[in-house]
1. Quote the relative contact order of region A:30-105 in percent (integer), defining contacts as alpha-carbon pairs under 8 Å separated by 6+ residues.
2. Taking square-rooted eigenvalues a ≥ b ≥ c of the alpha carbon gyration tensor, is region B:99-212 rounded, prolate or oblate, where a/c under 1.5 means rounded and, failing that, a/b exceeding b/c means prolate?
3. For region B:27-165, what does the alpha-carbon gyration tensor say about shape, rounded, prolate or oblate, given a ≥ b ≥ c as the root eigenvalues, a/c under 1.5 as rounded, and a/b over b/c as prolate?
4. Out of residues 5 or more away from residue A:448 or on other chains, whose amide H comes under 5 Å of its own, with H placed 1.01 Å from N in the peptide plane?
5. In what sequence do B:57, A:452 fall when counting other Cβ within 10 Å, fewest first?
6. Show me, for region A:360-374, the HN-Hα J-couplings you get by feeding each phi into the Karplus relation (A = 6.51, B = -1.76, C = 1.60, θ = phi - 60°), rounded to Hz, glycine and proline as x.
7. As an exercise, use a Förster radius of 22 Å and the Cβ-Cβ distance of residue A:367 and residue A:270 to find the FRET efficiency, rounded to the nearest 0.05.
8. How would B:251, B:46 line up from fewest to most surrounding beta-carbon atoms within 10 angstrom?
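Read-outs throughout are calculated quantities, based only on the coordinates presented, and are distinct from any laboratory measurement. Every value quoted in this text rests on a predicted model; they were computed, and no experiment measured them. Every residue, glycine among them, receives a Cβ derived from its backbone with ideal geometry; neighbour counts consider all protein chains shown.
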Amino acid sequence: MMAARLLGTSSRIAKFSRHFHTAKAAFLPVVQFKLSDIGEGIAEVQVKEWYVKEGDTISQFDKVCEVQSDKAAVTISSRYDGIVRKLYHDVDGMARVGQALIDVEVEGNVEEDEKPKKEEKKGAVTSTPQASKESATSASESSASDGKVLATPAVRRLAMENKVKLSSVRGSGKEGRVLKEDVLKFLGQVPADHSSGSTNIRTTHQAPLPAAKSYEALKEDVAVPIRGYTRAMIKTMTEALKIPHFGYNDEINVDALVKLRGELKDFAKERHVKLSYMPFFIKAASLALFEFPGLNATTDDKLENIIHKVSTSIMVNTQKLILKASHNICLAMDTPGGLVVPNIKNCEQRSIFEIAQEITRLMEAGKRQQIGREDLVGGTFTLSNIGAIGGTYASPVIFPPQVAIGAIGAIERLPRFDKHDNVQLNINCFLEIYLFQVIAANVIKVSWCADHRVVDGATMARFGNRWKFYLEHPSAMLAQLK
Amino acid sequence: MCTISRGKIGKILKSTSTCIFENLAFEEHIFRTHNVERSGEVLLMWSNRPSVVIGRHQNPWVEVNLPFAKETNIEIARRHSGGGTVYHDQGNLNISLLTTHAQHCRPKNLKFISDALNSNFTVQIVPNSRDDMELQPGNRKCSGTAARIAKGQAYHHLTLLIDADLEILKKSLKSPFRDQIESNATRSVRALAVGFLREDDGNASVEGAEMAISEVYRKLFEQSQFETIDVSSKIAANPEILKILEELKSWKWIYGKSPKFQFSGENGQEIEVKDGLIMGTDQRFSTDF
């Protein structure tokens, strides 16, 4: 243990010298806590009172100092847990927005302790590219703490707030670095459907940076005032992860669906309906929900009772599950303001075209950030069309108080065995070789997640199968047409 | 900056207490505990018995005529928000608007308030660049503004003089020691002229102003609620607010929070004061108060 501590200290020293050579060492123990945007176009404030001094231990949300700008008294709270190492201003000093306020030594990194030998052997300068390469590979291998994953403090915070393990997010940045976009994608942010052009996610989540700000402010820690939808998302996701999720994934052959959509294209155009695949997914889900009402249900606030609104009530121990009569199916929608999840009311009463029209209406509203409250409440089941952006399997997060959600991947063209097992028989002397026909199939992956307190795997699987059946055999949907 | 549309719910609270400490404690408590994102914005209104209120980082010896205040039983308080010193009495209406940090926009608030007053009374109130409101003609200041921002929430509060005894007001804000003190504390900016609504409209009343502002505030939201709060009882029943109240009343807060300063006595004494306590002096001195 003693040895480890010694090693730990020396690795920290080695780390510091590395700091000067690595442009952005994301796993340094000391972070600069910068003064975030106060708003109102204010660039500078006066520090009036310090609540901490060098050497103090500080926790996230603890008061750091009082600053004053014009007539506003602002209390700055800490973003980090750790030890205060440096105060950048004296009382009455002027602090600039975007510049360092204090240095905080954040709670020790696991990486530090686990790689001391390598650090020591390498020495400062030449080891840098090698060391970071090693850490990149170890990042992809490790299933341990986030200390091994390359990510900036802002990204770590985002992940932490949303209870995302950085090690399970695939980093798309340099050397496997996990970027903010990677975390957001992981959380399942999607535009509405395949065919419509999705708004560029990359630009929607950046803070509006004033042109003449100092260059430093752009690199890390961009303080984005959390507004509107994003704020709501933070709340919802925190609530959601209290639900024990289980997943069930499947693959669906959508050849029939592709053909069907092709057939309907002109007819839809005539009716001024924009027909993507989403209306089919939604309608199929609604039809399947008739058979599995337990998935179209909500739990109440206290998470003690699951609310059935219709006459049937299933008593599960002392809890009640409310089965909703209406299939108000939510779609995860990416808007300029962030992830919004409006729902289409009464899908069970709407035709596919009508559902398509609703989708169009909601998307238009979403682009203008004018989705009304009516559209946001009362959802009973959610579908996320992440496939419009890409991906196959996903891990969607249930939207409380619902009990199930499905994430649909992109359509891929993949080789599959012909369903009818058409066989080409090829006899060669005494050998009989059966060649199974391999065809190119349009395939999508779906990832269902459900609340394991009230939904069991069998139910989810059967529902999934039914949904799959409808999509692979659209005639079955036709047969139920009223 | 101020383009985001306001939320769905707005709550209007009217305090029945006339004690400055109770009202400030209640305001601070709401600021700390009411989650605007979840439960909507709040408009709080109240009036006090005669009081002088200094800003968070000010020096009462510089800003307030302490002997006069003591004589005439004017309360002295320090608030949590920044800005300068104001005099309150029953003819003054205090307005406090609680929003998220992102939604905090003082000019927007002053606009809707001055519009409400201008349409209800025969006055012409104009907000200026310092976020004061002035009665025109004459640039007579009738309102001062201050703000507090912390943990993603903010309040903007302001005074509004409907009726005032300008003599008392001026006297209480003129400290006999103001030129003898050297400090970095925020200095109040004296208005060149001071006015009150009743000067221009004899029918102006605090109740009238409250109603006018409430009506306009309501319209900003989809849903609004109006509640009269017995702040004194509320505080008595809630130990958390009591704590805030005790702090606001304490010497340590009112006087002790003053940034350090140097006092030059009449006889050339130099006294250094920090946290309200005398640090160093080379002379004896008498304690008047």
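1. Here the relative contact order equals 43 percent.
2. On the way: a/c = 2.15, a/b = 1.09, b/c = 1.97.
Note, shape of region B:99-212 comes out oblate.
3. Here region B:27-165 falls in the oblate category.
4. A:248, A:249, A:250, A:407
5. Sorted ascending by nearby Cβ count, the order is A:452, B:57.
6. For region A:360-374, the Karplus curve yields 4, 4, 5, 5, 4, 4, x, 4, 8, 6, 10, 7, x, 4, 3 Hz.
7. My answer for the efficiency is 0.30.
8. Ascending Cβ contact count within 10 Å gives the list B:251, B:46.
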